[in-house]
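Read-outs throughout are calculated quantities, based only on the coordinates presented, and are distinct from any laboratory measurement. Please read these numbers as outputs of a predicted model, since none were measured by experiment. Here the Cβ is made from the backbone with ideal geometry for all residues, glycine too, and neighbour counts use every protein chain on show.
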Amino acid sequence: MDPVGMNRFAAKTMQGIKQRPRRNRKSTGVRAMVRETYLGVEHLVYPMFVQEGEEDEPIEILPGCMRWSVTGIAKECRRLYGELGISCVDLFGVVPEEKKSADGAEAWNERGVVPQAIRAIKQAVPQMVVMTDVALDPYSSFGQDGIVHEGEDGEIKVLNDETVEALVKQGLCHARAGADILSPSDMMDGRIGALRAALDEAGLTEVSLLSYTAKYASAFYGPFRGALGSAPKKGDKKTYQMDPGNAREALREAELDIAEGADMLMVKPGGYYLDIVAKMREHTHLPIAVYQVSGEYAMIKAAAASGWVDERAVTMETLLSIRRAGADVILTYAAPQVARWLREERGI
């Protein structure tokens, strides 16, 4: 076919296109108008580490993050809320080795570092929503999320029901200090029901439970365990954290948590488990949280430092994909950066 004939054929063919999806992508304004999913600062929760003493210490393996003192974390929360609009933080206590024990009793010490931090933050920024991690691994001499029985052969076993009793003590300690949301990350059976019953009996009916519903035995937790000093001293966590190959099991866990009184559900890790997020979104009307874990965050930081990716673009894309999969809430160490980028996009 000659060039003239080809052009006529093409023109005739193109005249038959009635649906042109690109019309909805033609400008910034149009794209914004039809966008299905957005990321806002209101979706972000900032995980923070708090330690004893007066020092605020940078965490080398989590660039941009700190081990805060109680005074420092209160001051930083005032900045996060006032300057960046971040309205929720999640607290993890860093405990000296000498205060760790087999039963993790420091976890429910009313004068411990986490209750101190809760009270300090609430005094500095009453509007800040304070979430706390409920698990024994930072307080355990074994580095396990529960109470451990060690056999004569040296094999260890994490005891479920005894651990739940300890978690109830820890949860009540945090709630009485002023925590708004308890977030049990231990993956023990029955702990949501036990915590809900204990909170209600104590008159703490307004305290919410965000359950780590589907927490997988992931290889992406390394930097977090280093920052917190909570790596297992012996054994692993595969008898209570979920097998990465399982999806239906996450829905079973969700059904149990809902029945026991959870207010929100969590999937952890985030970006590599979006299929689980999507399945859970179809399964429940409860809010779903996703934790973009330390390994995911650190990989982006490392790749950006090497010049391999655009940190801002990749971070925003990963968080948007988590939202698109069905998450209402995202816990991410990038929260302060993301909040600044969102303000810049709005011209604030």
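May I ask you to list the residues of segment 28-72 whose amide nitrogen lies under 16 Å from a point 7 Å from Cα along the Cα→beta-carbon direction of Arg324? Only 31-40 fall inside the zone, counting backbone N under 16 Å. Angle check, please: helix 248-260 long axis (alpha carbons) against the longest principal axis of the chain (alpha carbons), in degrees 0 to 90, nearest 10. Computed tilt is about 60 degrees.
Cα-Cα over 24 Å: which of Lys157/Lys215; Lys237/Lys268; Lys122/Lys233; Lys75/Lys268; Lys99/Lys268; Lys122/Lys215?
Working: Lys157/Lys215 19 Å; Lys237/Lys268 14 Å; Lys122/Lys233 34 Å; Lys75/Lys268 29 Å; Lys99/Lys268 28 Å; Lys122/Lys215 29 Å.
Pairs exceeding the cut-off: Lys122/Lys233; Lys75/Lys268; Lys99/Lys268; Lys122/Lys215.
With a simple spin-label model that places each label point 7 Å from the Cα along the Cα-to-Cβ direction, the separation between His283 and Glu52 comes to 4.1 nm.
Comparing Arg22, Arg252, Arg35 in a Gaussian network model of the chain (Cα springs below 10 Å), the most mobile by mean-square fluctuation is Arg22. Distance from the Cα centroid of segment 243-322 to that of segment 89-141 is 24 Å (rounded to whole angstrom). Result for the chain in a Gaussian network model with C-alpha springs under 10 Å: among Gly29, Gly53, Gly326, the largest mean-square fluctuation is at Gly29. Largest mean-square fluctuation among Ile181, Ile118, Ile156, in a Gaussian network model of the chain whose springs join Cα atoms under 10 Å apart, belongs to Ile156.
When the GluC sites (Glu not before Pro) in segment 111-198 are filtered for DSSP coil states and for at most 16 other beta-carbon atoms within 10 Å of their beta-carbon, the remaining sites are Glu152, Glu155. The residue among Gly307, Ile17, Val95 whose Cα reaches farthest toward the positive pole of the charge dipole of the chain, with charges on the beta-carbon of Lys, Arg, Asp and Glu, is Ile17. Each Cα pair under 8 Å and six or more residues apart adds its sequence gap; the mean of these over the residue count of segment 38-345 is a relative contact order of 19 percent. What the Cβ-Cβ distance of Lys18 and Glu42 gives, at R0 = 30 Å and to the nearest 0.05, is a FRET efficiency of 0.15.
Checking the a/c ratio against 1.5 first, then a/b against b/c, what shape does the Cα gyration tensor give for segment 38-345? Mind dumping the intermediate values first?
On the way: a/c = 1.31, a/b = 1.18, b/c = 1.11.
Rounded is the answer for segment 38-345, as its axis ratio a/c remains below 1.5.
Charge dipole (Cα centre; +1 on Lys/Arg Cβ, -1 on Asp/Glu Cβ; no other charges) of segment 170-271 amounts to roughly 620 debye.
How big is the antiparallel share of DSSP beta bridges in segment 38-345, given as a percent to the nearest 5?
Values: 6 of 39 bridges.
Once the DSSP bridges in segment 38-345 are tallied, antiparallel ones form about 15 percent.
Dipole size of the chain about its Cα centre, with +1 on Lys/Arg Cβ and -1 on Asp/Glu Cβ: approximately 2600 debye, rounded to the nearest 20. With the Cα gyration tensor of segment 53-130 giving a ≥ b ≥ c as the square roots of its eigenvalues, does the rule (a/c under 1.5 for rounded; else a/b larger than b/c for prolate; else oblate) give rounded, prolate or oblate? Since a/c reaches 1.5 but b/c is at least a/b, the shape of segment 53-130 is classed as oblate.
Run through segment 101-145 and list the trypsin sites (Lys or Arg not before Pro) located in a DSSP loop whose Cβ has at most 12 other Cβ atoms within 10 Å. Write down the numbers at each step before the final one.
Numbers: sites: Arg111, Arg119, Lys122; in loops: Arg111.
Answer in residue order: Arg111.
A Förster distance of 22 Å, applied to the separation of the beta-carbon atoms of Ser101 and Asp243, puts the FRET efficiency at 0.15.
Here's the picture: charge each Lys and Arg Cβ at +1 and each Asp and Glu Cβ at -1 in the chain, and of Ala177, Met242, Val41 the one pushed furthest to the positive end of that dipole is Val41.
Here the label points at Val34 and Ala124, each 7 Å from Cα along the C-beta direction, are separated by 4.6 nm in the simple model. Placing +1 on each Lys and Arg Cβ and -1 on each Asp and Glu Cβ, with no other charges, gives segment 29-156 a dipole about its Cα centre of roughly 1120 debye.
Report summary: the helix-based calculation at 222 nm, which adds -39500 (n - 2.57) for every DSSP H run with n ≥ 4 and divides by the residues of the chain, gives -12500 deg cm²/dmol. Rg of the Cα atoms in segment 232-280, relative to 2.2 N^0.38 Å, amounts to 1.26.
Projecting the Cα atoms of Ala227, Leu209, Ile192 onto the charge dipole of segment 153-307, computed from C-beta unit charges around the Cα centre, puts Ala227 farthest toward the positive end. Please label the shape of segment 177-293 as rounded, prolate or oblate, based on the square roots a ≥ b ≥ c of the eigenvalues of the alpha-carbon gyration tensor (a/c under 1.5 means rounded; beyond that, a/b larger than b/c means prolate, else oblate). Taking the square roots of the gyration eigenvalues as a ≥ b ≥ c, segment 177-293 is oblate.
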